[in-house]
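Student: Sharing a structure, written as structure tokens. Questions coming.
The values are calculated or read from the model by the stated rules, or taken from the named source; none is laboratory data. Not measured: the values here are computed from a predicted model. With ideal geometry, Cβ positions are generated from the backbone for all residues, glycine too; neighbour counts draw on all protein chains shown. Just the protein is used for accessible areas: all its heavy atoms, side chains included, with ligands, DNA and RNA removed. Shrake-Rupley method; radii C 1.70, N 1.55, O 1.52, S 1.80 Å.
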Amino acid sequence: KSTYVDMLPATVLPETGRVHTTYSQAVAATGRLQSANPNLQNIPIRTERGREIRKTFVCSGDGWRLLSADYSQIELRIIAHISGDDGLIEAFNSGGDVHTTTAARVYGVKPDDVTSAMRSKAKMVNYGVAYGMSAFGLAQRLDIPNKEAKAIIDEYYRQFPGIDAYMKETIRKARMNGFVETLLGRRRYLRDINDRNYTVRS
């Protein structure tokens with residue numbers, strides 16, 4: 001109620017009768033776009049009330065469209081591009097479901113034989129690996145033994161060696177330089193990357 005129902009009408013610009021968000025790229029340390037006044041990145045959809053709130057967003061007339069972009073898919077495509085991994089690039093180029101394709105490779109089955117449980121695990125690995133998710137983290141999220149989680153991640157890296165090489169090289173450069181860098185040169189300094197304490201370093 002306070003975040004959407006009360007707040008959204010207060011952000012309507014009187015001159016246009018519409019909301020106009022502001023996007024910033026230099027606020028979050030990661031460089032991820034941030035939306036404010038109002039924040040249009042977290043409009044609810046999973047509940048009935050959330051879907052009612054979504055209905056308030058409409059185009060101003062013919063020729064206008066609302067665009068919704070899924071961060072996770074974008075990030076997977078970016079890691080395929082910057083790592084140059086042939087397997088992940090092919091998974092996207094084939095036009096099929098990338099999580100099903102990943103599951104088929106990780107579990108050594110045909111795409112038609114991928115179960116929903118296999119796909120769900122592959123999806124978690126696809127997104128988690130990009131952020132350095134450990135076997136422990138995967139085990140916690142999927143409620144599976146650490147040994148199984150480690151086996152899934154190890155097989156993922158065997159199937160997608162370009163991603164493994166890219167991740168290792170990024171960490172090596174970060175330790176050497178003290179920062180990581182985007183394709184366009186935006187830097188994020190990591191002062192604790194060489195800390196003697198494993199937890200701090202991680």
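Student: What do you reckon, is GLN25 without any contact (Cβ under 8 Å) to a residue 60 or more places away in the chain, surrounded by fewer than 13 Cβ atoms within 10 Å (Cβ to Cβ) and under 17 Å from the mean Cα position of the chain (by Cα)?
Tutor: Criteria met by GLN25.
Student: In segment 121-160, what count of residues is obtained for those that are in a helix (DSSP H, G or I) and either closer than 19 Å to PHE92 by Cβ or among the aromatic types (Phe, Trp, Tyr) (or both)?
Tutor: Residues meeting the conditions: 12.
Student: Report, by residue number, each residue of segment 38-63 that is of a type outside the set (Gly, Ala, Ser) and either in contact (Cβ under 8 Å) with a residue 12 or more places away in the chain or in contact with a Ser or Thr (Cβ under 7 Å, 6 or more places away or on another chain) (or both).
Tutor: PRO38, ASN39, LEU40, GLN41, ILE43, PRO44, ILE53, THR56, PHE57
Student: Name the residue, out of ALA135, ALA122, that is aliphatic (A, V, I, L, M), surrounded by 13 or more Cβ atoms within 10 Å (Cβ to Cβ), under 15 Å from the mean Cα position of the chain (by Cα) and closer than 13 Å to ILE152 by Cα.
Tutor: ALA122
Student: Within segment 178-198, how many residues turn out to be closer than 21 Å to GLY84 by Cβ and either open to solvent by 80 Å² or more (accessible area, probe 1.4 Å) or not hydrophobic (A, V, I, L, M, F, W, C) (or both)?
Tutor: Of the residues in that region, 6 qualify.
Student: A further question follows. Restricted to segment 165-195, and to residues that are in a loop (DSSP other than H, G, I, E, B) and of a type in the set (S, T, N, Q), which residue is nearest to ALA29 (Cα to Cα)?
Tutor: It comes out as THR182.
Student: Could you tell me which of the residues ILE45, ILE89 is open to solvent by 70 Å² or more (accessible area, probe 1.4 Å) and of a type in the set (A, V, I, L, M, F, W, C)?
Tutor: ILE45
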